[in-house]
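Note sheet for the following structure.
The values are calculated or read from the model by the stated rules, or taken from the named source; none is laboratory data. The model shown is predicted, which means the values in this text are computed figures rather than measured ones. Heads up, the Cβs are rebuilt from the backbone with ideal geometry, glycines too, and the neighbour counts pull from every protein chain shown. The area values use the complete protein model at the heavy-atom level, side chains included, leaving out ligands, DNA and RNA. Shrake-Rupley method; radii C 1.70, N 1.55, O 1.52, S 1.80 Å.
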Amino acid sequence: MVISLSPIMLMFLFGLVGIGTVSVLLLLLITIWRSDGDILLMYAAKFGKSIDSLAGKVVWITGASSGIGENIAYWLAKAGCKIVLTARPTDMDDLERVKERCLEIGNNSEEDILILPLDVTEFDKHRSAVQQVLQYFGKIDVLINNAGKSQRAAWHEVELDVDRELFDVNVLGPVSLTQEVLPHMIQRKQGHVVVTSSLAGKLGSPNSRSYTGAKLAVAGYFECLRTEISKHNIDITVICPGPTFSNILFEAATGKPGETMGRRMSRSEKRMPTDRCAYLYCVAIANKLSEAWISQHPILTTAYIAQYLPDISRWLWKNYGMKSMEKMREGK
Ligand SMILES: NC(=O)c1ccc[n+]([C@@H]2O[C@H](COP(=O)([O-])OP(=O)(O)OC[C@H]3O[C@@H](n4cnc5c(N)ncnc54)[C@H](OP(=O)(O)O)[C@@H]3O)[C@@H](O)[C@H]2O)c1
């Protein structure tokens, strides 16, 4: 049977399809604009597994003494995870404080939380640290490589020693620790390795060449690992936060070795609340997302443009850019 449509009917049908497409696109844009994470992460937060699905897992968090790592510990404690809290040995008081708070708000007991001081740049100590965790808990389900250090300095003023230092903490620390944990995960045929990268790496953020380079590099290392390790049933998650409240600018490097910025963030700055960032971080873990972006706009919008329209993004930065990028990163 042949159905013949009059030109008016055809125009009507095309019109309907057009309106439908435009409506879907508009809805998508509104959804993106109202979100503080990428679309898949937002979907997982609404319809995916809850953080409680991680109950009973042994999760090792580096960089747990403040900021994002500290707040991840609180969400995981509430979910009933067994937690290893790691930061440099200089900050034992902070780790004790985080442990106390985990016990206050969490669903776990004293022996479910292990404090393990470790400087992630002391690579020769990684093997024995892994053994310590295994002796204590018998397994490691999730390793969260979150310890990190940022930077503010003009490109031409950065000394190579600063590049080395930031690569040690942001790249080689996670790489080395993961390398020591993997044999255990491979033997168990399960495991999950998470690393905190940054949207700075995606955006070519100015005034932090060592940090921007390191965060892009660490994502590359773990993309490579993801491809190799999937046959062992081991998941990799790369988390890219945007500007978030934490101590990161206090400890941030400059261009000179040994110098730090020493800047405290003010509450009036436009940044992601730490607790919300950590919540979405844990949602990404619970749902084993490959990559998750956590940020408010306009940084989130710029990340979409950089990812999907890279040349337009570069053109925009070149013509309108650096000042606005600096403002956005400084929470203004
Ligand atoms: N806040 C942001 O805007 C933002 C944006 C994108 C990505 N990130 C990333 O998020 C992660 C967490 O940072 P944050 O914002 O929460 O900053 P933060 O409050 O300064 O926390 C950094 C954590 O890393 C630890 N750490 C630093 N150097 C270490 C080392 N050598 N060995 C072991 N631990 C070390 C610090 O502990 P101790 O100093 O006590 O050792 C602290 O617990 C970092 O990887 C950072 O690059 C942050």
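Odds and ends about this structure:
- Test result for Arg226, in contact with a strand residue (DSSP E or B) (Cβ under 7 Å, 6 or more places away or on another chain) and among the basic types (Lys, Arg): yes
- Selected residue (criterion: nearest to the chain's Cα centre (by Cα)) from residues of the stretch 154-180 that are within 11 Å of the ligand (Cβ to nearest atom) and β-branched (Val, Ile, Thr): Val171
- Restricting Lys125, Lys99, Lys49 to residues that are open to solvent by 60 Å² or more (accessible area, probe 1.4 Å), of a type outside the set (A, V, I, L, M) and more than 30 Å from Arg164 (Cβ to Cβ) narrows the list to Lys49.
- Filtering Ser266, Ser246, Ser230 for residues that are open to solvent by 70 Å² or more (accessible area, probe 1.4 Å) and small (Gly, Ala, Ser) leaves a single hit, Ser230.
- Condition met for Arg152 (of a type outside the set (Phe, Trp, Tyr) and free of Cβ contacts under 8 Å to residues at least 40 places away in the same chain): no
- Criterion: closer than 27 Å to Leu225 by Cβ and away from the ligand (no atom under 11 Å from the Cβ) - qualifying residue of Lys288, Lys318, Lys332: Lys288
- Residue within the stretch 85-108 that is within 14 Å of the ligand (Cβ to nearest atom), assigned to a loop (DSSP other than H, G, I, E, B), of a type in the set (Lys, Arg) and free of Cβ contacts under 8 Å to residues at least 60 places away in the same chain present: yes
- Helices (runs of 4 or more DSSP H) fully within the stretch 256-328 counting 2 or more residues that are farther than 22 Å from Arg209 by Cβ and of a type in the set (A, V, I, L, M): 274-286
- Residue in the stretch 154-171 that is within 22 Å of Tyr281 (Cα to Cα), assigned to a helix (DSSP H, G or I) and either open to solvent by 60 Å² or more (accessible area, probe 1.4 Å) or touching a helix residue (DSSP H, G or I) at 6+ places or on another chain (Cβ under 6 Å) (or both) present: yes
- Residue match in the stretch 69-82 (condition: in contact (Cβ under 8 Å) with a residue 24 or more places away in the chain, among the aromatic types (Phe, Trp, Tyr) and exposed (fewer than 14 other Cβ atoms within 10 Å of the Cβ)): no
- When the residues of the stretch 109-124 are filtered to those that are modelled with pLDDT of 95 or more and assigned to a loop (DSSP other than H, G, I, E, B), the one that is nearest to the chain's Cα centre (by Cα) is Val120.
- Restricting the stretch 181-218 to residues that are within 25 Å of Arg127 (Cβ to Cβ) and within 15 Å of the ligand (Cβ to nearest atom), the residue that is most open to solvent (accessible area, probe 1.4 Å): Ala217
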